[in-house]
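Chemist: Sharing a structure here in structure tokens format.
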Amino acid sequence: MWSQRVLERMWYNVSENVLELVDEFSMHTAMRSRMFLLSRFC
């Protein structure tokens, strides 16, 4: 049986990684959509 502290630590690390991934992904899609809009209007 795992202790509460270990689980909290793991959950914290996982959520940190997920947030970083989401951040990177949203930056990537924002760049892509900007390029798409630029290519449409130019």
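Chemist: Does Ser33 satisfy the criteria of being surrounded by 10 or more Cβ atoms within 10 Å (Cβ to Cβ), at pLDDT 95 or above and in a helix (DSSP H, G or I)?
Modeler: Numbers: surrounded by 10 or more Cβ atoms within 10 Å (Cβ to Cβ): yes; at pLDDT 95 or above: no; in a helix (DSSP H, G or I): yes.
So Ser33 fails the test.
Chemist: Which one of these does Arg40 not meet: (1) at pLDDT below 90; (2) surrounded by 10 or more Cβ atoms within 10 Å (Cβ to Cβ)?
Modeler: (2)
The values are calculated or read from the model by the stated rules, or taken from the named source; none is laboratory data. From a predicted model like this one, the values you see are computed outputs, not experimental measurements. Quick reminder, even Gly has a Cβ in these numbers, built from the backbone with ideal geometry, and neighbours come from all protein chains shown.
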